[in-house]
Amino acid sequence: MNRRSFFTAVGATAASAATASMAQTASSAATRAVLGGPAGAKPPLFQGSARMTPLRGYHGQDVACERAAIEGKVPQELRGVFYRNGPGLFERGAGTNKQRYSHWFDGDGLVHAWRFTDQGVSHQARFVQTKKFIAEQSANAFLAPAFGSALPAHMPVRNSDDVNTANTNVYKLGDRLLAMWEGGSATDLDPQSLHTRGIVTWSPELKHMPFSAHPKIDPDGTFWNFGTMMGKMVLYHLSPTGELLKHAVFDAPTGGMVHDFAITHKSLVFLLPPIGIDYAAMRKGAAFGQALTWNGNDSTKVLIVDRNDFSKRRILEMPAFMVFHFGNAWEADNVIRVDFVQSKNLDIMSDWMPRMMRGETVVPDRSNPAFVKIDLNRGKCDVAMRDENCEFPRVDPRVVGLRNRNVYYPVDNGDRPEGFGFTGVMRIDTESGKVDRYNFSEQVALEEHVVVPRPSSGREGDGWLVGVGFDVAAQQSFATVFDAMNLAAGPQAIIRLPYWTPVCFHGHFHTA
Amino acid sequence: MPRTLLNLAAAFTISIFGLAASSAAFGADLTVEIRNAGDKGTVMVALFKPSDRWLGRASMGTAAPARNGAVTVTFKDLEEGEYAISLFVDENGNGRMDTNPIGIPIEPYAFSNDATGNFGPPLFEKAKFNVAKENKSIVINVK
Ligand SMILES: [Fe+2]
């Protein structure tokens, strides 16, 4: 990979450097053509059904609800803040100048806080005031290149933080609430007000470095993360209060995109799918996300890094597969076990998501629970798959990096209704292979669910599974509370908002 | 194809330390007011002619301590013609424009006409301005 890739790493093309001053009208017309299909046809930018309402997005407004309606009973010990983050704005402009992003990943970060207190449950969501959001909000137009939408730059792009949407995950580290993206810095928010404080620089020389949205956190709060860009990989080791303890930068074993990883008590574990970048396509105007290629004849690389010494790295290989998200990893007797959700290739991101963003009813490729055994003595990897169609695996935060028994997922009951939103939650007991599961009706669209430990308990699974969903008939968003060891019993509480919110990707529950 | 930011960083270093000072007497003076340069380190200013390699070796260069408000530098006795300026703020005083490990500048920089690139420096054409017989003043805003 050459230096040129930086130009393109977050969706900007090198060619647009020369054309950034291109007349606004001309480029807007070009953009409309890209987003709106053939001239003359003019289909609406979004034609989604009632089920897909959350994909319409907001228009930059913040929302709040002081007391959500509770059905059932919120357990007395369940107290704290459930922070979530996701792309919340997809459209700008009016009339014929209206534009809609073509990719779900492009929307501006909207950070949510569900607060569980003795007075009940409140909800608040505020847009992250990134440089890009502030400029675009005042212009009522898209000005920055995006990950998956071919948009010309109408503002200076000096580094990836100029196009940072802070839209993927959120975690409270020390007194900072980190809104995380993949291609640039984390953004620091006030954990109370959700007011944006600015981008985080862990040390002066790491300014504007990529800081991915899937940190892994030891039970004691030690924080591990990585970033990839321009053929380089950076690793971060932070203290529970957010001081940089060590970092390393080295040549990435593989190119295009790395979304998530896993940790054991000894290692950082990466499964690097064979994703390349088609620079010719980018020169012709494709966005970064549109130029990612699936090199299925190459291997998926397994990168294992010593937690105590980032210079100790080992690479193994497996047949090609795609992975976005990991549940957990643990290590004993020189064998690492990793669980993740596997898909065949990039079609979910490259094909299904853009169609979903237009409101098309398309059932995505399946993605299944997968379990890899990495035998470090033999240098061999064995993978086992299951049938369930799911995503967003999570484990109890008390067992991250340690031997875990349970993995939790939102799951499809059968075919995903209209191709959008899960309808059930499940726990896989990885020792017995048994499934504990609850299916809602097809009138809900569920997101990621997270495990919240019961305070003062050290037992895996002792606590609750908490997540978010959308009630199609009521056109309202809600939160769920399950007994984490008995999902089949159904939710102990459903907490309803009087409004719907855009869909989130990820979040964390910080217990009081 | 525009130069990469890494080239840009290297170019600044060359520009400032590889100065080929030369001037015919009795030309115009160019006053450059630099705004928003902060109050850390030194503003390093490089002046290019069309015959120079843009962001390679500059014809002239100068430096001034960064101050809040405006920093002013002057180039004297310029012959008539086109020029363009690139500058950066050497906040840590190491004489280089620092980058992070993947080559992205982490010290402030700017160009004449407040020209901007897109993930890279602007072309000379976007940053150029004309100096005639009479003295001239321009303003460059950092960020
Ligand atoms: Fe993710």
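The values are calculated or read from the model by the stated rules, or taken from the named source; none is laboratory data. Quick caveat: nothing in here was measured; it's all calculated off a predicted structure. Here the Cβ is made from the backbone with ideal geometry for all residues, glycine too, and neighbour counts use every protein chain on show.
Out of curiosity, is residue A:215 within 16 Å of the ligand (Cβ to nearest atom), surrounded by fewer than 24 Cβ atoms within 10 Å (Cβ to Cβ) and not hydrophobic (A, V, I, L, M, F, W, C)?
Here the answer is yes, as residue A:215 does meet what is asked.
For residues that are touching a helix residue (DSSP H, G or I) at 6+ places or on another chain (Cβ under 6 Å) and of a type in the set (Phe, Trp, Tyr), tally how many sit in region A:490-509. Walk me through how you get there before you give the answer.
Filtering region A:490-509 for residues touching a helix residue (DSSP H, G or I) at 6+ places or on another chain (Cβ under 6 Å) gives A:500, A:502-503.
Right, trim to of a type in the set (Phe, Trp, Tyr) and you get A:500.
Adding up the residues that qualify gives 1.
Whether a residue is crowded, with 22+ Cβ neighbours inside 10 Å and either modelled with pLDDT of 95 or more or in contact with a strand residue (DSSP E or B) (Cβ under 8 Å, 6 or more places away or on another chain) (or both) was assessed, and residue A:289 does not pass this test. Annotation note: of A:154, A:123, the sole residue that is of a type outside the set (A, V, I, L, M), more than 16 Å from the ligand (Cβ to nearest atom) and within 14 Å of another protein chain (Cβ to nearest Cβ) is A:154.
If you go through region A:457-480 and keep only what is within 16 Å of the ligand (Cβ to nearest atom) and within 15 Å of residue A:80 (Cα to Cα), you end up with just A:467.
Identify all residues within region A:344-365 that are among the polar types (S, T, N, Q) and either over 17 Å from the mean Cα position of the chain (by Cα) or assigned to a loop (DSSP other than H, G, I, E, B) (or both); write none if there are none. Reasoning before the result, please.
Step one: list which residues in region A:344-365 are among the polar types (S, T, N, Q), which gives A:345, A:350, A:361.
Residues satisfying the conditions are A:345, A:361.
Return yes or no: is residue A:144 within 24 Å of the chain's Cα centre (by Cα), more than 16 Å from the ligand (Cβ to nearest atom), in a loop (DSSP other than H, G, I, E, B) and within 14 Å of chain B (Cβ to nearest Cβ)? Spelling it out, residue A:144 is indeed within 24 Å of the chain's Cα centre (by Cα), more than 16 Å from the ligand (Cβ to nearest atom), in a loop (DSSP other than H, G, I, E, B) and within 14 Å of chain B (Cβ to nearest Cβ).
Filter region A:362-376 down to the residues that are of a type in the set (D, E, K, R) and within 17 Å of residue A:264 (Cβ to Cβ) and list them by number. Don't jump to the end; show me each part of the working.
The first filter runs over region A:362-376 and keeps only residues of a type in the set (D, E, K, R), leaving A:365-366, A:373, A:375.
Listed by number, the residues that qualify are A:373, A:375.
The residue list B:43, B:73, B:89, B:32 contains one member that is closer than 30 Å to residue A:226 by Cα and aliphatic (A, V, I, L, M), which is B:89.
State which residue is farthest from the ligand (Cβ to nearest atom) when the search covers only region A:302-315 and only residues that are surrounded by 18 or more Cβ atoms within 10 Å (Cβ to Cβ) and away from every other protein chain (no Cβ under 14 Å).
Residues of region A:302-315 that are surrounded by 18 or more Cβ atoms within 10 Å (Cβ to Cβ), as a first pass: A:302-305, A:307, A:310, A:313.
Filter again for away from every other protein chain (no Cβ under 14 Å), leaving A:302-305, A:307, A:313.
On the way: A:302: 20, A:303: 18, A:304: 21, A:305: 20, A:307: 22, A:313: 24 Å.
Checking each candidate, the answer is A:313.
Identify, please: which residue in region A:400-437 is among the polar types (S, T, N, Q) and in contact (Cβ under 8 Å) with a residue 24 or more places away in the chain and is, among those, farthest from residue A:333 (Cα to Cα)? Before you say what the answer is, go through the steps one by one.
From region A:400-437, those among the polar types (S, T, N, Q) are A:404, A:406, A:413, A:423, A:430, A:432; that's our starting set.
Next, from what is left, pick out any that are in contact (Cβ under 8 Å) with a residue 24 or more places away in the chain: A:404, A:406, A:413, A:430.
Details: A:404: 16, A:406: 21, A:413: 37, A:430: 18 Å.
Looking at the filtered set, the residue picked out is A:413.
Is there a residue being touching a residue at least 60 places away in the same chain (Cβ under 8 Å), in contact with an Asp or Glu (Cβ under 8 Å, 6 or more places away or on another chain) and charged (D, E, K, R) anywhere in region A:325-333? Let's see the steps before the verdict.
If we filter region A:325-333 for residues that are touching a residue at least 60 places away in the same chain (Cβ under 8 Å), which is where we start, we get A:325-332.
Then drop every residue that is not in contact with an Asp or Glu (Cβ under 8 Å, 6 or more places away or on another chain), which leaves A:325-329.
Checking the rest, the ones that are also charged (D, E, K, R) come to none.
No, the conditions are met nowhere in region A:325-333.
Going by the conditions given, is residue A:383 under 29 Å from residue A:349 (Cα atoms) and in contact with a Leu (Cβ under 9 Å, 6 or more places away or on another chain)? Taking the combined requirement at face value, the residue does not satisfy it.
On the basis of being within 16 Å of the ligand (Cβ to nearest atom), closer than 18 Å to residue A:429 by Cα and part of a strand (DSSP E or B), does residue A:341 make the cut?
Values: within 16 Å of the ligand (Cβ to nearest atom): yes; closer than 18 Å to residue A:429 by Cα: yes; part of a strand (DSSP E or B): yes.
For residue A:341, the condition - within 16 Å of the ligand (Cβ to nearest atom), closer than 18 Å to residue A:429 by Cα and part of a strand (DSSP E or B) - is met.
In region A:498-512, the residues that are more than 14 Å from every other protein chain (Cβ to nearest Cβ) and in contact (Cβ under 8 Å) with a residue 40 or more places away in the chain reach residues that are more than 16 Å from the ligand (Cβ to nearest atom) and basic (Lys, Arg) with C-beta atoms within less than 6 angstrom, at least six apart or across chains, in these pairs: A:510/A:172; A:512/A:79. Residue A:300 fulfils the conditions (1) touching a residue at least 40 places away in the same chain (Cβ under 8 Å); (2) in a strand (DSSP E or B); (3) under 26 Å from residue A:411 (Cβ atoms); (4) under 22 Å from the mean Cα position of the chain (by Cα) except for a single criterion, (1). For region A:209-216, the criterion of being of a type in the set (A, V, I, L, M, F, W, C), more than 10 Å from chain B (Cβ to nearest Cβ) and in contact (Cβ under 8 Å) with a residue 60 or more places away in the chain is met by at least one residue. Taken together, the criteria exclude residue B:126 from residues that are more than 13 Å from chain A (Cβ to nearest Cβ) and not acidic (Asp, Glu). Checked against (1) at the interface with another protein chain (Cβ under 10 Å from one of its Cβ atoms); (2) away from the ligand (no atom under 16 Å from the Cβ); (3) in contact with a helix residue (DSSP H, G or I) (Cβ under 9 Å, 6 or more places away or on another chain), residue A:184 passes all but a single condition, namely (2).
Being modelled with pLDDT under 95 and either among the β-branched types (Val, Ile, Thr) or surrounded by fewer than 23 Cβ atoms within 10 Å (Cβ to Cβ) (or both): is that true of residue A:153 here? Don't jump to the end; show me each part of the working.
Details: modelled with pLDDT under 95: yes; either among the β-branched types (Val, Ile, Thr) or surrounded by fewer than 23 Cβ atoms within 10 Å (Cβ to Cβ) (or both): no.
No: the conditions fail for residue A:153.
When residue A:193 is tested against (1) crowded, with 23+ Cβ neighbours inside 10 Å; (2) within 21 Å of residue A:131 (Cα to Cα); (3) polar (S, T, N, Q), only condition (1) is not met.
For the condition in contact (Cβ under 8 Å) with a residue 24 or more places away in the chain, farther than 24 Å from residue A:269 by Cα and in contact with a helix residue (DSSP H, G or I) (Cβ under 7 Å, 6 or more places away or on another chain), residue A:445 qualifies.
If you check A:248, A:166 for being out of contact with any Lys or Arg (no Cβ under 8 Å at 6 or more places or on another chain) and more than 12 Å from every other protein chain (Cβ to nearest Cβ), only one passes: A:166. Go through region B:78-105 and report how many residues are over 20 Å from residue B:56 (Cα atoms) and within 12 Å of another protein chain (Cβ to nearest Cβ). So the count comes out to 5.
Among the candidates A:189, A:178, A:110, A:194, which residue alone is touching a strand residue (DSSP E or B) at 6+ places or on another chain (Cβ under 6 Å), farther than 30 Å from residue A:355 by Cβ and within 16 Å of the ligand (Cβ to nearest atom)? Give the derivation first.
Working: A:189 fails: within 16 Å of the ligand (Cβ to nearest atom); A:110 fails: farther than 30 Å from residue A:355 by Cβ; A:194 fails: within 16 Å of the ligand (Cβ to nearest atom).
When all the criteria are applied, what remains is A:178.
Of all residues in region A:481-509, those being more than 16 Å from the ligand (Cβ to nearest atom) and either farther than 26 Å from residue A:166 by Cβ or in contact with a Phe, Trp or Tyr (Cβ under 7 Å, 6 or more places away or on another chain) (or both) number 20.
Does residue A:170 satisfy the condition of being within 16 Å of the ligand (Cβ to nearest atom) and either without any contact (Cβ under 8 Å) to a residue 24 or more places away in the chain or under 21 Å from residue A:234 (Cα atoms) (or both)? When the stated conditions are applied, residue A:170 passes them.
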